[in-house]
Amino acid sequence: MTTFYDLKAETLNGKEQPLDAYKGKVVLVVNTASKCGLTPQYEGLQALYAEYKEQGLEILGFPCNQFGKQEPGDADQISEFCEINYGVGFPMFGKIDVNGKDTHPVFEYLKDELPGTLGKKVKWNFTKFLVGKDGQPIKRFAPTTKPEDLKKYIEKALAA
């Protein structure tokens, strides 16, 4: 059976990153977009990262252009946008699909483990998946869930 740590993804700068590098960390996986009404969540995500990184939180951003074509840029444009506008310091990965026949394995796994209220599909940008230190998915959060509203779940996972 596949686990979170068996997966890998390509970073925004094109390097393959095995997810077992995050063993022992609490991981928040988010599908992101630069031109979405929810894009300001980058600010909240970066605040969470700054607050909890030293305690073992990692946030992994996965740009996706499947919802309203709201992530049209290439890797350099995405990287520049995130850094300049929101000071994003957490790892960003290459643009992926989160639904359909080309769904990235990370999202295939997370959707299987944590289906949403309306099934397995990711409904929109900024859907969030929290994964525990042991690599077990803990909870799925809706796109509209603000990053600051995740604090109690992150703190509980960090304390586990």
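Within the range 10-42, the set of residues being more than 14 Å from the chain's Cα centre (by Cα) and surrounded by fewer than 16 Cβ atoms within 10 Å (Cβ to Cβ) comprises Asn13, Gly14, Lys15, Glu16, Pro18, Asp20, Ala21, Lys23, Gly24, Lys35, Gly37, Pro40.
The residue that is farthest from the chain's Cα centre (by Cα), counting only those in the range 108-160 that are more than 14 Å from Leu28 (Cβ to Cβ) and outside any loop (DSSP other than H, G, I, E, B), is Ala159. All conditions but one from (1) under 21 Å from Lys111 (Cα atoms); (2) polar (S, T, N, Q); (3) surrounded by fewer than 19 Cβ atoms within 10 Å (Cβ to Cβ) apply to Gln55; the one that does not is (1). Does at least one position in the range 107-128 carry a residue that is touching a helix residue (DSSP H, G or I) at 6+ places or on another chain (Cβ under 7 Å), acidic (Asp, Glu) and touching a residue at least 24 places away in the same chain (Cβ under 8 Å)? Within the range 107-128 (the criterion being touching a helix residue (DSSP H, G or I) at 6+ places or on another chain (Cβ under 7 Å), acidic (Asp, Glu) and touching a residue at least 24 places away in the same chain (Cβ under 8 Å)), the answer is no, since none of the residues qualifies.
Meeting the requirement of 3 or more residues that are free of Cβ contacts under 8 Å to residues at least 60 places away in the same chain and within 22 Å of Lys146 (Cα to Cα), the strands (runs of 3 or more DSSP E) wholly within the range 5-74 are 57-63. Check the range 103-117 and report whether any residue there is under 19 Å from Leu38 (Cα atoms), buried (at least 19 other Cβ atoms within 10 Å of the Cβ) and basic (Lys, Arg). No - not one qualifying residue is present in the range 103-117. When you go through Phe81, Phe90 one by one, which is the residue that is surrounded by 15 or more Cβ atoms within 10 Å (Cβ to Cβ), among the aromatic types (Phe, Trp, Tyr) and in contact with a strand residue (DSSP E or B) (Cβ under 7 Å, 6 or more places away or on another chain)? Exactly one residue qualifies, and that residue is Phe90.
Here, each number is a calculation from the coordinates, and none is a lab measurement. Source: prediction; values computed, not measured. Using ideal geometry, Cβ is built from the backbone for each residue, glycine included, and neighbour counts are taken over all protein chains shown.
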